[in-house]
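The values are calculated or read from the model by the stated rules, or taken from the named source; none is laboratory data. As the structure is a prediction and not an experimental result, all values here were calculated from the model. We place every Cβ from the backbone using ideal geometry, glycine too, and count neighbours over all the protein chains shown.
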Amino acid sequence: MSISARLPVFPWDRLEPYKAAAAAHPDGAVDLSVGTPVDPVPEVVRQALTAAADSPGYPLTYGTATLRAAAADYLRTWHGVAVADPRHVLPLIGSKELVGWLPTLLDLREGDQVGYPELAYPTYEIGALIARAEPVTYRDPVAELDPARVRLLWLNSPSNPTGQVLGAAELRRVVGWAREHGILVVSDECYIELGWEGTEPVSVLHPDVCGDSHDGLVAVHSLSKRSNFAGYRGAFLAGDPAVVAELLAVRKHAGMIVPQPVQAAMAAALGDRAHAVEQKQRYARRRTALRTALEGAGFRIEHSEASLYLWATRGEPCWETVADLSKRGILVAPGEFYGPAGAEFVRVALTATDERVAAAVSRLA
Ligand SMILES: Cc1ncc(COP(=O)(O)O)c(C=O)c1O
């Protein structure tokens, strides 16, 4: 069987008819479905990319020393990772690439299990299926998963799609269990900077969670949302030295290399806080406007204390909500894309311009 035959239908293809319906609105569609950045790439990032444009040679799979130092400094300074070490950092061609390939790179195979939340980014499942491993979902990994079979456990706090945040005590409990059983924990922290109303998401590498050792733990950080970097493709992982060394050894052979100008742009982005704060303020304004409008239109918002989404329900099947909103020219993602538990929810992304968000608000009124 080909690999693609093992994979589900690409979910976004199923949204096409609703996209067409939304586009028929006289004032055009407001697309709140995919969480893709729409604001400009920060000047500091563009300048670094341009300055590195003359890069004729092969870049390092391991990344430049400058980039790895910037990533370690970023983890230490902004996320309190006390023992962040540039030697134990590895750049990625965006984090989706890692999510899709990690089970294969770690040589998981038939009989091994990959655990991830019951409501989750769909690519955790895809990565398991590509490797022929078995995807298993959880609400509480400690209570539900078989530690003899799970080799890789994905965490995602703040969560896509629900925006739920796991506190340090909860993370510590899961990490303790996984370490006891020799299960590798990989924490996808791509929304870690987007906590709302005082919520401060914590990294799995924070000493309150893991003590002063990163054994058995990897954190994955994407620049896509923080730095409007999705088009450049840039992310990194950090953590367990043995895992970083193994992934580096395989990725070198496989040509999984971040382009040199992108490495330079990543280092600049990680070293600059001002643009990320400005971007977060834009999302905060859009979130407040959309949340108020959705609640006024009879939606209940669950979780959503962090991340780039509102997780909303009207207590009806998600495709009915998608259809109804598309008639008003608003496109959202059906909760079912993220697991059967999302059947009565829709995910509303905050990634539209102020003008389009204002249009959505008036259409919901
Ligand atoms: C939870 C989660 N992980 C990973 C990604 C991939 O991000 P990127 O490949 O842009 O780094 C996304 C993208 O939306 C996501 O929501």
- All conditions in (1) closer than 22 Å to Leu237 by Cα; (2) touching a helix residue (DSSP H, G or I) at 6+ places or on another chain (Cβ under 8 Å) are true of Arg179 except (2)
- Query: Which is buried (at least 23 other Cβ atoms within 10 Å of the Cβ), over 20 Å from the mean Cα position of the chain (by Cα) and away from the ligand (no atom under 16 Å from the Cβ), of Arg68, Arg87?
  - Reply: Arg68
- Please work out which one of (1) exposed (fewer than 15 other Cβ atoms within 10 Å of the Cβ); (2) modelled with pLDDT under 95; (3) in a loop (DSSP other than H, G, I, E, B) is the condition Ser55 fails and give its number. (2)
- Query: Checking Thr77 against (1) in contact with a helix residue (DSSP H, G or I) (Cβ under 8 Å, 6 or more places away or on another chain); (2) loosely packed, with under 15 Cβ neighbours inside 10 Å; (3) part of a helix (DSSP H, G or I), which test does it fail?
  - Reply: (1)
- Subset of the range 82-118 [under 22 Å from Ala254 (Cα atoms) and of a type in the set (Phe, Trp, Tyr)]: Trp101
- Item | Matching residues in the range 245-263 - criterion: being over 16 Å from Glu97 (Cβ atoms) and of a type in the set (A, V, I, L, M) | Ala245, Ala249
- Yes or no: Asp54 without any contact (Cβ under 8 Å) to a residue 24 or more places away in the chain and among the charged types (D, E, K, R)? yes
- Task: Would you check which residues across the range 2-38 are touching a Phe, Trp or Tyr at 6+ places or on another chain (Cβ under 9 Å) and loosely packed, with under 14 Cβ neighbours inside 10 Å and list them?
- Result: Pro11, Trp12, Val34
- Message: Tell me whether the range 296-306 contains one or more residues that are out of contact with any helix residue (DSSP H, G or I) (no Cβ under 6 Å at 6 or more places or on another chain), assigned to a helix (DSSP H, G or I) and surrounded by fewer than 20 Cβ atoms within 10 Å (Cβ to Cβ).
- Response: yes
- Message: Considering only residues that are within 23 Å of Met1 (Cβ to Cβ), within 16 Å of the ligand (Cβ to nearest atom) and part of a loop (DSSP other than H, G, I, E, B), which ones fall in the range 119-141?
- Response: Pro122
- In the range 319-350, which residues are part of a helix (DSSP H, G or I), in contact with a strand residue (DSSP E or B) (Cβ under 6 Å, 6 or more places away or on another chain) and over 20 Å from Tyr124 (Cβ atoms)? Trp319, Thr321, Val322
- Item | Those residues of the range 141-155 which are more than 18 Å from Val81 (Cβ to Cβ) and not β-branched (Val, Ile, Thr), in sequence order | Pro141, Ala143, Glu144, Leu145, Asp146, Pro147, Ala148, Arg149, Arg151, Leu152, Leu153, Trp154
- Looking at the range 93-118, which of the residues that are part of a helix (DSSP H, G or I) and among the charged types (D, E, K, R) is farthest from the ligand (Cβ to nearest atom)? Glu97
